[in-house]
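Participant: Just passing along the structure, written as structure tokens.
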Amino acid sequence: MIPLEWMPPLMFGGLVVFMLIGFPVAFSLMAAGLFFALIAISEGFFGMAFLQAIPQRIFGSVLANDLLLAIPFFTFMGAILERCGLAEEMLDSMGQLFGRIRGGLGYSVIIVGFILGAITGTVAAQVIAMAMISLPVMMRYGYNMRYATGVLAASGTITQLVPPSLVLIVLADQLKTQSGSADVGSMYLGAWGPSLLQILLFALYTFILSRLRPEDLPPVPEADLTLRGWALWKKCLMGIIPSAVLIFLVLGTIMTGIATPTESGAMGAMGALLLAWIRRANIPNLKGLVQEAYQNTMRITAMVVFILIGSTCFSVVFQGVDGGHWVEELFSNLPGGWIGFLIVVNLFVFFLAFFLDFFEIAFIVVPMLAPVAVKLLSPVLLDSMNGNPQAAASAALVWFGVMLCVNMQTSFMHPPFGFALFYLRGVAPKEVKSSDIYWGALPWVCLQLVMVAVVVAFPALVTTFLDKPAAVIDSQDFNFTSEDHSPESANGKVDEDAPVTFQLDKPIK
């Protein structure tokens, strides 16, 4: 006889065992869920009829979820923009613009990484494109190899945080509780502050390094800067203006309420196709580019849906054995209150990211932690949300989600399984050592962790731009008393047809 309270930790342990055997994560989730469902049925924790919830959830919450349609649209948009030549033009023009100062190529990589992050939303495309263009140039002018590889990988992973990030869409879908939810528009609004501050943090690190070790970040010789004056600014604007239009199509329509995330993703995909057609002279095979983008989109979308189906199977069984109560008890009783909760959760996610992709973390861990986050974080934001508990609950989920997004950037950066490092290794010249790539990533991982601490310490960085509705007044908190001005009839009785007025007394203490 297995006690009920043992089942949730056994399910986590079983999931780890299935993944260690070598099963893909999606099928590991399904296998662990069904395996422990059989154990739960045999032990009498729930009946066979309980498993009807699995297909109902799959068809109702996964396959019929309109929000998830945004994922293939944004993936397709990023795949088109990856090879349309926009990144090359922007890196070249920004390199010319900032090349005269120490660390100028580093600044150009950081800025272009931020702009590309706002229009592509894919780490692989960004890291590969920027590394193939910028790394040979930085090597030619004598940049420190560890700095060059580190800034390229870090600037590629910023796309995880900059809207319209796929991570933010997935987190918005998973951060739903009975008390509140985090919609995509709010997640995008909340992510702008941390993403801009992170870019400034990267630029500050580059500035300090250029002063402490100027030989590692030399300026580009004047003889190699061929563009000057209006010709230089024109080339910069030719890359920035189309990007700005596309960013407005995708983000502006969501934030202004003109379009839903799915509709804005469709407009972004059409905008990317139009931009590729305008630049068709720079694309050798436009038809082949579109076909490859379709294939890439189909592959990523299928992966996401299978992981979602597996996580649904696992989570239904996990809730059936009181897993939600177990997680709440585990994290609610941590020392330090909400601060202790955030420290433990961020450390937990940081170490999970050594082995799991952000999709897997979002679908497995986030739905379990969301109810605890609302319970502990809502009181912290209640005053800033005008005392409105529902607004505070939704803001708490947005704060929690953006915080996890900043943290999960590190999953692409830290050794030994950082995918950005793998992408960089795949396109870097042979003379670039793997040790330089790994050691070069560590300072930028530390900067990302500093950003996590800043978001934890200053929630206003996320919640400032969110809607702050007025507090909801509960009428039971007040006394309604009738004024005694009712006219009496001649016989001394009260006139029942006379109007009655009320006054609002002070709230009951």
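None of the figures in this text is laboratory data; all of them are computed from the coordinates on show. It should be emphasised that the depicted structure is a prediction, and the values quoted were computed from it without experimental measurement. Every residue, glycine among them, receives a Cβ derived from its backbone with ideal geometry; neighbour counts consider all protein chains shown.
Participant: Once the piece of chain linking R57 and L212 is laid out straight, how much longer is it, given 0.36 nm per residue of separation minus the C-alpha distance between them?
Facilitator: Extending this stretch completely gives an extra 50.2 nm.
Participant: Oh, and also: Inverting the mean 1/r over all pairs of different Cα atoms, compute the Kirkwood radius of region 70-300 and quote it in Å.
Facilitator: After inverting the pairwise mean of 1/r, the radius is 18.3 Å.
Participant: Next up: So what J values fall out for region 422-437 if you push phi through Karplus, 6.51 cos²θ - 1.76 cosθ + 1.60 with θ = phi - 60°, rounded to Hz, Gly and Pro as x?
Facilitator: 5, 4, 5, 5, x, 10, 6, x, 4, 6, 7, 7, 4, 5, 5, 5
Participant: Still on this structure, I have one more. Using Cα pairs closer than 8 Å and at least 6 residues apart in sequence, work out the relative contact order for the chain, in percent.
Facilitator: Contact order relative to length: 23 percent.
Participant: So for the chain, taking the charge dipole from beta-carbon charges (+1 Lys/Arg, -1 Asp/Glu), which of P379, Q126, Q160 sits furthest toward the positive end?
Facilitator: The Cα lying farthest towards the positive end belongs to Q126.
Participant: So, one more: Among I254, A244, G310, whose Cα lies farthest out toward the positive end of the dipole of region 228-329, if unit charges sit on the beta carbon of Lys, Arg (+1) and Asp, Glu (-1)?
Facilitator: The one lying farthest along the dipole's positive direction is A244.
Participant: What is the diffusion coefficient of the chain in µm²/s, taking the Kirkwood radius over Cα pairs and the Stokes-Einstein relation at 10 °C with a viscosity of 1.306 mPa s?
Facilitator: Calculated translational D: 63 µm²/s.
Participant: Which ³J(HN,Hα) values in Hz, rounded to whole numbers, follow from the phi angles of region 184-199 under the Karplus curve 6.51 cos²θ - 1.76 cosθ + 1.60, where θ = phi - 60° and Gly and Pro get x?
Facilitator: For region 184-199, the Karplus curve yields 4, x, 5, 4, 5, 4, x, 7, 5, x, x, 5, 5, 5, 5, 4 Hz.
Participant: Grab the chain and count how many Lys pairs have their alpha-carbon atoms under 27 Å apart, sequence gap of 8 or more, or different chains.
Facilitator: Value for the chain: 7.
Participant: Based only on other Cβ atoms within 10 Å, what is the fewest-to-most ordering of T206, T464, T312?
Facilitator: In increasing order of surrounding Cβ atoms, one gets T464, T206, T312.
Participant: For region 121-169, would you read off the P(r) tail past 12 Å as a percentage of all alpha carbon pairs?
Facilitator: Tail of P(r) above 12 Å: 61 percent of Cα pairs.
Participant: Taking the dipole about the Cα centre of region 167-284, with the C-beta of Lys and Arg at +1 and of Asp and Glu at -1, give me whichever of F202, L274, M187 is farthest to the positive side.
Facilitator: Farthest towards the positive pole: L274.
Participant: Here's another thing I want to ask about it. Cα centroid distance between region 193-227 and region 7-62, in Å?
Facilitator: Each part reduced to its Cα centre gives a spacing of 50 Å.
Participant: Starting at the first residue of region 459-466, write each ³J(HN,Hα) from the Karplus equation 6.51 cos²θ - 1.76 cosθ + 1.60 with θ = phi - 60°, in whole Hz, x for Gly and Pro.
Facilitator: These are the phi-based 3J(HN,Hα) values: x, 4, 4, 9, 8, 4, 8, 6 Hz.
Participant: Moving on. With no solvent and one point on each alpha carbon, what is the Debye value of log10 I(q)/I(0) for region 361-456 at q = 0.14, 0.18 Å⁻¹?
Facilitator: -0.64, -0.85
Participant: Further, regarding this structure: Over all directions, the average projected area of the alpha-carbon convex hull for region 15-155 comes to how many nm²?
Facilitator: Mean projected area for region 15-155: 12.3 nm², to one decimal.
Participant: Shifting gears a bit: Taking the Cα centre of each part, how many Å lie between region 234-306 and region 319-379?
Facilitator: The two parts, judged by their Cα centres, are 34 Å apart.
Participant: Compute the relative contact order of region 70-300 as a whole-number percentage, counting only Cα pairs closer than 8 Å that sit 6 or more residues apart in sequence.
Facilitator: 34
Participant: Now for a separate question. Once you charge only the Cβ atoms, +1 for Lys and Arg and -1 for Asp and Glu, what is the size of the charge dipole of region 70-300 about its Cα centre, to the nearest 20 debye?
Facilitator: About 320 debye.
Participant: Hey, can you grab everything whose amide H is under 5 Å from the amide H of S181? Only 5+ residues off in sequence or another chain; H modelled, so Pro and N-termini drop out.
Facilitator: For S181, whose amide H was placed from the backbone, the distant partners under 5 Å are S394.
Participant: Could you pull out every residue, at least 5 positions away or on a different chain, whose amide H is within less than 5 Å of the one on I101? Hs are placed 1.01 Å off N in the peptide plane, and Pro or chain starts have none.
Facilitator: Here V220 satisfy the definition.
Participant: Okay, next question. Please give the charge dipole size of the chain, origin at the Cα centre, charges +1 on K and R Cβ atoms and -1 on D and E Cβ atoms. Round to the nearest 20 debye.
Facilitator: Rounded to the nearest 20 debye, it is 2520 debye.
Participant: What list do you get for R102, R57, R299 if you sort them by fewest beta carbons within 10 Å?
Facilitator: Ranking R102, R57, R299 by Cβ neighbours within 10 Å, fewest first, gives R299, R57, R102.
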